[in-house]
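Visitor: Shown below is the structure under consideration.
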Amino acid sequence: MGGELNFDEYESRLARPVRVKVPDFQVGDRLRHIIFSSQFTPQLLERIGRVADRIRLLAKSVPGHRFLNNLLPHKRAMLYFTQPSTRTFLSFAAACQILGMACNEVRDPAVSSEAKGESPFDSIRMFSSYFDAIIMRSAIPRFAECCAYMMNDLARTQRRNIPIINAGAGADEHPTQALLDIYTLQRAFKFESVRDSSKWKHFDELRSLYPGLRQGIAGKTFGFCGDIRRGRTARSLVQLLTLYEDITVYFIAPQHPTLALPNDLKERLLSRGMNVREVSSFEEQVDGRPVIEHLDCLYMTRIQREHNSASDENEFKEIDFSRFCLNKDLVSRMRRHAAILHPFPRDAAFGEIPTEIDSDDRAYYFRQARNGMWVRAALLAHVFDVDGAINDYYDDYTRDMQIAPG
Ligand code: ASP
């Protein structure tokens, strides 16, 4: 059983290792359902990132915008978000609009037929009658995965079935957040985008400060700070980072079982060759320097207090959480090109990232959120097989720009 939902029918499929499940969510080399971050290969991440870059450029001009807007006017998306969301919901809605897709929403099951006892599985099947994709966030772990199996079963009997996109499933996974995080890192570590690294027009200058620094995600050192065990975004991203060579990750979290890196995840990361260290503050010394000075990227998370049990509340009183909050002094000691990410929302009362950091060049979190819109549009373009058309149009468009007078 999953929550009050009965998953018996899917139990044997759910029990398989993720790598065995992945082909179930593809048609050929194209993703059909997006359920786990491990569905993304490095090549696919590159392809989607490139299309996202092209969409963001095309969307700036009237003809480019018109072209994008005419790609999917015959498709409709249902945004079924029964758990709170601001950025994921709005950026998916904006992504649909960029590609000309109409979208509709159900955010509160109390105003749908679920209030009359309808099973969420029936709701999903009904949505599939009216829409061409379901983008869903649910508090019930594994529900999105089961919905993808339901759609596959319908496909097998030639009945109507549509893609399922997991926009955050309980404590499990948040694959499209991991996608936008990787896209943000791809851009940051190119050291060439004016927006993302205007201060690094001269990469060589930066390299003279940090010998050995190279372009790209490989070889970088990451810090993940805060609520690691309950933070589905951190867990989804760190698994994607295992796709890149020579990655070091410091987990900076209270050593409490509710918050610290879970052992099974640690084992998985180590078995994939990642260099993993757990530390108890930004100041902990590693090779003679504090951790904060080693990082190329710091992924901050909020402590998810809404999930605290009564005993957590009690035991957390003993923890000095200020060690897991940034301040100006810490940021000023970070590497000059380092990127501070946060999936947001940040917790204003807790203060893991005080607003005084926002004006620092290393604060990437607003750009990161905006990247979510472009990369989700690129993902929809991939799912609906219009990414090739975008690439062709972009090639013609940039060629015309070059020969255009003036
Ligand atoms: N927005 C993120 C999520 O949906 C992170 C958070 O809520 O703290 O998981």
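Visitor: Filter region 114-130 down to the residues that are open to solvent by less than 20 Å² (accessible area, probe 1.4 Å) and outside any helix (DSSP H, G or I) and list them by number. Full working, then the answer.
Guide: Filtering region 114-130 for residues open to solvent by less than 20 Å² (accessible area, probe 1.4 Å) gives 123-124, 128.
Listed by number, the list is empty, since nothing qualifies.
Visitor: Give region 90-108 a look and list any residue that's assigned to a helix (DSSP H, G or I) and within 16 Å of the ligand (Cβ to nearest atom), or say none. Please lay out each step first, then the result.
Guide: Our first condition is that a residue be assigned to a helix (DSSP H, G or I); within region 90-108, this holds for 90-98.
Passing the criteria: Leu90, Ser91, Phe92, Ala93.
Visitor: Kindly provide the set of residues from region 91-120 that are in contact (Cβ under 8 Å) with a residue 60 or more places away in the chain and under 25 Å from the mean Cα position of the chain (by Cα), ordered by number. Even if it seems obvious, please write down each step before you answer.
Guide: Residues of region 91-120 that are in contact (Cβ under 8 Å) with a residue 60 or more places away in the chain, as a first pass: 91-92, 94-96, 98-99, 101, 119-120.
Selection gives Ser91, Phe92, Ala94, Ala95, Cys96, Ile98, Leu99, Met101, Pro120.
Visitor: Here's another thing I want to ask about it. Let me confirm something: among Ile252, Ile247, which residue is closer than 21 Å to Pro354 by Cβ and surrounded by 20 or more Cβ atoms within 10 Å (Cβ to Cβ)? Give the derivation first.
Guide: Details: Ile247 fails: closer than 21 Å to Pro354 by Cβ.
Of the residues listed, the single one that is closer than 21 Å to Pro354 by Cβ and surrounded by 20 or more Cβ atoms within 10 Å (Cβ to Cβ) is Ile252.
Visitor: Still on this structure: Considering only residues that are touching a Lys or Arg at 6+ places or on another chain (Cβ under 8 Å), of a type in the set (Val, Ile, Thr) and more than 24 Å from His174 (Cβ to Cβ), which ones fall in region 354-392?
Guide: Ile390
Visitor: Out of region 1-32, which residues are at pLDDT 95 or above and part of a strand (DSSP E or B)?
Guide: Gln26, Val27, Arg30, Leu31
Visitor: Another one. Only residues in region 297-315 that are more than 30 Å from Arg336 (Cβ to Cβ) count as the first member; pair them with residues that are open to solvent by less than 10 Å² (accessible area, probe 1.4 Å), Cβ under 6 angstrom, at least 6 apart or cross-chain, and list the lot.
Guide: Gln304/Asp227
Visitor: If I ask for residues that are touching a residue at least 60 places away in the same chain (Cβ under 8 Å) and either more than 23 Å from Ile390 (Cβ to Cβ) or in a loop (DSSP other than H, G, I, E, B) (or both), which ones from region 70-89 would you list?
Guide: Residues satisfying the conditions are Leu71, Leu72, Lys75, Phe81, Gln83, Ser85, Thr86, Arg87, Phe89.
Visitor: Here is a further query. Report every pair of residues separated by at least 6 positions or lying on different chains whose Cβ atoms are under 9 Å apart, first residue within region 365-385 and of a type in the set (Val, Ile, Thr), second open to solvent by 20 Å² or more (accessible area, probe 1.4 Å) and at pLDDT 95 or above.
Guide: Close Cβ pairs (under 9 Å, with a partner that is open to solvent by 20 Å² or more (accessible area, probe 1.4 Å) and at pLDDT 95 or above) amount to Val383/Arg30; Val383/Arg32.
Visitor: Scan region 214-240 residue by residue and report those that are within 16 Å of the ligand (Cβ to nearest atom) and not in a loop (DSSP other than H, G, I, E, B).
Guide: So in region 214-240, the residues within 16 Å of the ligand (Cβ to nearest atom) come out as 224-240.
Phe224, Cys225, Arg232, Thr233, Ala234, Arg235, Ser236, Leu237, Val238, Gln239, Leu240 - these are the residues of region 214-240 that are within 16 Å of the ligand (Cβ to nearest atom) and not in a loop (DSSP other than H, G, I, E, B).
Visitor: Additional query: From the list Ala178, Ala171, which residue is of a type in the set (A, V, I, L, M), open to solvent by less than 10 Å² (accessible area, probe 1.4 Å) and within 15 Å of the ligand (Cβ to nearest atom)? Lay out the reasoning, then the answer.
Guide: On the way: Ala171 fails: open to solvent by less than 10 Å² (accessible area, probe 1.4 Å).
The conditions single out Ala178.
Visitor: Right, here's the next one. Select from region 131-160 the residues that are assigned to a strand (DSSP E or B) and at pLDDT below 95 and list them in ascending order.
Guide: Within region 131-160, the first condition is being assigned to a strand (DSSP E or B), and the residues that meet it are 133-138.
Residue satisfying the conditions is Ser138 alone.
The values are calculated or read from the model by the stated rules, or taken from the named source; none is laboratory data. Predicted, not measured: the structure shown is a model, and the values here were computed from it. Here Cβ is always computed from backbone atoms with ideal geometry, including for glycine, and neighbour counts include all displayed protein chains. Ligands, DNA and RNA are stripped out before the accessible areas are found, and what is left, the full protein with its side chains, is counted by its heavy atoms. Shrake-Rupley method; radii C 1.70, N 1.55, O 1.52, S 1.80 Å.
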